[in-house]
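The values are calculated or read from the model by the stated rules, or taken from the named source; none is laboratory data. Being a predicted model, the structure only gives us computed values, none of them experimental. No Cβ is skipped: glycine too gets one built from the backbone with ideal geometry, and neighbour counts run over all protein chains shown. Side chains included, ligands, DNA and RNA excluded: accessible areas come from the protein's heavy atoms. Shrake-Rupley method; radii C 1.70, N 1.55, O 1.52, S 1.80 Å.
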Amino acid sequence: MDFLNRLQSEKKRFTYFGKGGEFAIIFFKNLFLTIISFGLYYPWAKVERLKYHYQSTELDKARFAFHGTGKEVFKGFIKVYVFLLLLYFFLIYGVVSNNPTTFGISIGVFYLFIILLIPFAIHGAMRYRTSRSSWKGIYFKYLGDRMELFWKCLIGMLLTILTLGIYSPWFAVDIRKYIFSHLRFGNLSFDFKGEGSTLFWINLKFFFLFYLTLGIYTFWYYKELLAFYANNTEITQNGRKVKFSLDMKAGDVFELVIVNFLLITFTFGIATPWVIVRTHKFMFRFLQIEEGLDTNSIKQVQYDDYNNAAGDDFLDFLDIDLI
């Protein structure tokens, strides 16, 4: 029995089975349909892309699944589109008014609304994406409070501005800690234990060494940054904490970046889907869950359903990726 328990709780590795040729068909079909539909096909393209990446990712001999629909994402897309359209109309009104005061107010209101909406978008995106993500039929869930996240983001933004950006590592870590502390997978909970001072030091080293090494230090920077985020993420199961780990070398990052760059450059972008698949395979090749997680003991927990994808769509507009 002890042997079986050890076997169940050994290190868990992720595997990505996506293929460049398969994803290229999806990628270019979606690109074509999105262009000829003037962007209206985008929600269905996004869902098909997510479903492919989810079902191509395996953990402990089981694949992940994304259950969102194009219709859900389209509804969110329309909400975001209408809201941004109104903001742009207000901005255009300020531009054509020939009144410096009106122009300044319109610019200020536009960017203020965009900035203030970011925490609401993050909250909505996390709620939607987790409610539509599963593994072995067990769903993820985000239990954060919208206003609590809003005030945390607002204070962090103000401190970052007042410190001329110096506070940004602490701000990023604080938001990550909040999101992970409210993330659930069945009866599992998550935490992020990284510190802002550590991230600040990582960024500071990059700032100085980038120029001293003529950019070569970039590969060490990305390796250290990715390891910081992965190695400080924990899962709690029945009171026991289990850590993620990402064990890669700067040379691995160098190989990924250089080959991807050459593929994109010499194919004039045609190799983009192959580059995306290579990047996914690279990340999952080094990511693992340390000993102690018993996947057979994970049980489903019932939460409310959430089908509003507006936050997810707004983050796409801002080109902000979920964690």
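Cross-link candidates for residue 71: which lysines have Cα within less than 19 Å, leaving aside residues fewer than 8 places away along the same chain?
In chain and number order, the partners are 29, 46, 51, 79.
Sorted by mean Cβ packing within 10 Å, highest first, what order do the peptides 256-263, 41-48 take? Before the final figure, lay out each step's value.
Working: 256-263: 14.6, 41-48: 20.4.
Per-residue Cβ counts within 10 Å, averaged per peptide and sorted highest first, yield 41-48, 256-263.
Just want the answer: with Cβ charges of +1 for Lys and Arg and -1 for Asp and Glu, which residue in 52, 118, 151 is farthest toward the dipole's positive end in segment 1-156?
52
Report, to the nearest whole %, how much of the accessible area of segment 28-146 belongs to carbon and sulfur atoms, 1.4 Å probe, protein only.
Numbers: 4570 of 6400 Å².
Result for segment 28-146: 71 percent of the exposed heavy-atom area is carbon or sulfur.
Taking the Cα centre of the chain as origin and charging only Cβ (+1 Lys, Arg; -1 Asp, Glu), how large is the dipole, in debye to the nearest 20?
520 debye
Using a 10 angstrom cutoff on alpha carbons, build the Gaussian network for the chain and name the most mobile of 210, 140, 268.
268
Quick one: with all protein chains in place, what share of the accessible area of segment 159-309 is carbon or sulfur, to the nearest percent (1.4 Å probe)?
Carbon-and-sulfur percentage of accessible area, whole number: 66.
Whenever you get a sec, line up 157, 283, 126 from highest to lowest accessible area (probe 1.4 Å, protein heavy atoms).
So the residues, ranked largest to smallest area, are 283, 157, 126.
If I compute P(r) over Cα pairs in 20 Å bins from 0, in percent from the structure I just sent, which labelled value in (1) 31, 58, 11, 0; (2) 25, 60, 15, 1; (3) 27, 49, 15, 6, 3, 0 lines up?
Only one listed value fits the structure, namely (2).
Take the chain, connect every pair of alpha-carbon atoms lying under 10 Å apart with a spring to form a Gaussian network, then pick out the residue of 169, 273, 100 with the largest mean-square fluctuation.
100
Can you run phi through the Karplus equation (6.51, -1.76, 1.60; θ = phi - 60°) for segment 87-97 and list ³J(HN,Hα) in whole Hz, with x for Gly and Pro?
Rounded to whole hertz, the list is 4, 5, 4, 5, 5, 5, 4, x, 5, 7, 6.
Add +1 for every Lys or Arg and -1 for every Asp or Glu among the other residues with Cβ under 13 Å from the Cβ of residue 65, and state the total.
So the surrounding residues net to +4.
May I ask you to order 291-301, 82-92 by the average number of other C-beta atoms within 10 Å around their residues, highest value first?
Descending packing order for the listed peptides: 291-301, 82-92.
Probe of 1.4 angstrom, ligands and nucleic acids ignored: what's the accessible area per residue over segment 32-105, in square angstrom?
On the way: 4570 Å² over 74 residues.
Spelled out: the 1.4 Å probe surface of segment 32-105, per residue, equals 62 Å².
Helix 250-266 sits at what angle to the longest principal axis of the chain, using alpha carbons and giving 0 to 90 degrees rounded to 10?
Roughly 50 degrees, rounded to the nearest 10.
Sorted by accessible area (1.4 Å probe), largest first, how do 148, 58 line up? Could you put the intermediate results ahead of the total?
Values: 148 95, 58 40 Å².
If we order 148, 58 from most to least accessible, we get 148, 58.
If the elastic network links every pair of Cα atoms under 10 Å, which of 105, 118, 276 fluctuates the most in the Gaussian network model of the chain?
Between 105, 118, 276, it is 105 that shows the largest mean-square fluctuation.
Helix-derived [θ] at 222 nm for the chain: sum -39500 (n - 2.57) over DSSP H runs of at least 4, divide by residue count, nearest 500?
Per the formula, -20500 deg cm²/dmol.
What is the angle, in °, between the Cα long axis of helix 218-231 and the longest principal axis of the Cα atoms in the chain? Nearest 10 is fine, range 0 to 90.
Helix 218-231 and the main axis of the chain meet at about 70 degrees.
With a 1.4 Å probe and all protein chains in place, put 141, 11, 75 in order of accessible area, largest first.
Values: 141 5, 11 90, 75 115 Å².
Result of the area sort, largest leading: 75, 11, 141.
Extending each Cα 7 Å along its Cβ direction at residue 301 and residue 279, get the distance between those two points in nm, one decimal.
3.3 nm
Please compute the modelled spin-label separation between residue 36 and residue 247, points set 7 Å along Cα→Cβ, answer in nm with one decimal.
My value for the distance between the label points is 5.0 nm.
If the reach is capped at under 19 angstrom between alpha carbons, list the lysines near residue 205, excluding any in the same chain fewer than eight residues apart.
The qualifying lysines are 223, 249.
Accessible area per residue for segment 157-228 in Å², computed with a 1.4 Å probe and the full protein assembly in place, what is it?
55 Å²
Nearest 0.05, what FRET efficiency do residue 216 and residue 265 give at R0 = 22 Å with Cβ-Cβ as r?
0.70
If packing is taken as the average number of other Cβ atoms within 10 Å across a peptide's residues, how do 60-67, 128-135 rank, most packed first? Kindly include the intermediate steps, with their values, before the conclusion.
Working: 60-67: 14.9, 128-135: 21.1.
Descending mean neighbour count gives 128-135, 60-67.
Between residue 11 and residue 95, what is the label-point separation in nm under the 7 Å Cα-to-beta-carbon projection?
If labels sit at residue 95 and residue 11, their model points lie 5.4 nm apart.
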